[in-house]
Amino acid sequence: MSARLEHLLDDLNPSQREAVIAGDGPLLVLAGAGSGKTRVIAYRIAWLLAHRGLSPRSLLAVTFTNKAAGEMKRRVEELLAPAGIKSPLIATFHSVCVRILRQHGTHVGLPSHFTIYDEDDRLALVKECMKDGELADRSLTPSTAAHRISYLKNQMTAVSEALRDARGPWEKKAALVYSRYDKRLRETGAVDFDDLLLLVVRLLAEIPEVLAWYRGLWRSVLVDEYQDTNRAQYRIVRLLTQEHRNIRVVGDSDQSIYKWRGADVRNILDF
Ligand SMILES: Nc1ncnc2c1ncn2[C@@H]1O[C@H](COP(=O)(O)OP(=O)(O)OP(=O)(O)O)[C@@H](O)[C@H]1O
Ligand SMILES: [Mg+2]
């Protein structure tokens, strides 16, 4: 083991150290901006691999943005590379979901080579869906409709529920656009960013062998920037870790930058 890893704990303050070496089971660390939360996750990963003998393959670290995932990867590699230990999978929720769906998506009706629509593709399709009928007006533009669809999906509201529960003309129109949009996506074998998460929730919740496979694979799961997780991401984490309960999350309750996407501080409180 490299000198750096031998003295891993020297780089940490007492409360960081406590969080890094804590035993198995769930742990939630809430701390302020810039207080070393990401550091705790990176060192925890190094600790598990170097001192607890976990295999890199059995560990999953997720965060919300590409930037945060890149930063975490860089820090973990810096700690592990001198000891010749391979870095585990460190990725965004979305890219983990793409991996899972490329492997097992056929169980939830996805073609094996599904296309992923980005935000621009989504907007273009919403525009098309609003062409026929009386769906576009000043209050419901393609961009507000796209936001509404994303919101509904992240609340895990199915098309049928959105149509049933819509109140007032605005919500009714938005639900109709959602219904057309969803149909078109399915016809073309495409998914949008929100579907990536929702389909994985469905897959893990409905196909026991797939759930068992991932539970067996990732024996320890770590989440950075937990305050940004929405309902679907929360459910994915729960499904993956409910059995072994080796879940570490760090977050900042004052820092939720993705509220509009349905990020939900309740996820912190429900943990
Ligand atoms: N015990 C420590 N010793 C030396 N430097 C530290 C220590 N803890 C944190 N730092 C440094 O402080 C800075 C902020 O740490 P880090 O990014 O881990 O905090 P964070 O809580 O994740 O921040 P954010 O809220 O922005 O996500 C980093 O440069 C980190 O290396
Ligand atoms: Mg951080």
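Per q in 0.23 1/Å, what log10 I(q)/I(0) does a Debye calculation on the alpha-carbon atoms of segment 24-103 return? Reported log10 I(q)/I(0), two decimals: -1.21. Taken along the Cα-to-beta-carbon direction at a fixed 7 Å, the label points for Ser160 and Glu6 span 6.4 nm.
Under the criterion of Cα pairs below 8 Å and six or more residues apart, the relative contact order for segment 116-188 equals 35 percent.
A simple count of charges around Asp10, restricted to other residues whose Cβ falls under 12 Å of its Cβ and scoring Lys, Arg +1 and Asp, Glu -1, yields 0.
Only helical DSSP H runs with n ≥ 4 go in: add -39500 (n - 2.57) per run for the chain, normalise by residue count and round the 222 nm mean residue ellipticity to 500 deg cm²/dmol.
Helices in the chain give a 222 nm mean residue ellipticity of -16500 deg cm²/dmol.
Accessible area per residue for segment 1-136 in Å², computed with a 1.4 Å probe and the full protein assembly in place, what is it? Don't skip to the end; give the middle numbers.
On the way: 6930 Å² over 136 residues.
Heavy-atom SASA per residue in segment 1-136 reads 51 Å².
The accessible surface of segment 116-188, taken with every protein chain in place and a 1.4 Å probe, is 51 percent carbon and sulfur.
Beyond 23 Å, what percent of the Cα pairs of the chain remain? Counting pairs separated by more than 23 Å, the tail of P(r) holds 56 percent.
The values are calculated or read from the model by the stated rules, or taken from the named source; none is laboratory data. Predicted model only: the values in this text are computed from it and were never measured. No Cβ is skipped: glycine too gets one built from the backbone with ideal geometry, and neighbour counts run over all protein chains shown. Protein only, heavy atoms only, side chains kept; ligands, DNA and RNA dropped before computing areas. Shrake-Rupley method; radii C 1.70, N 1.55, O 1.52, S 1.80 Å.
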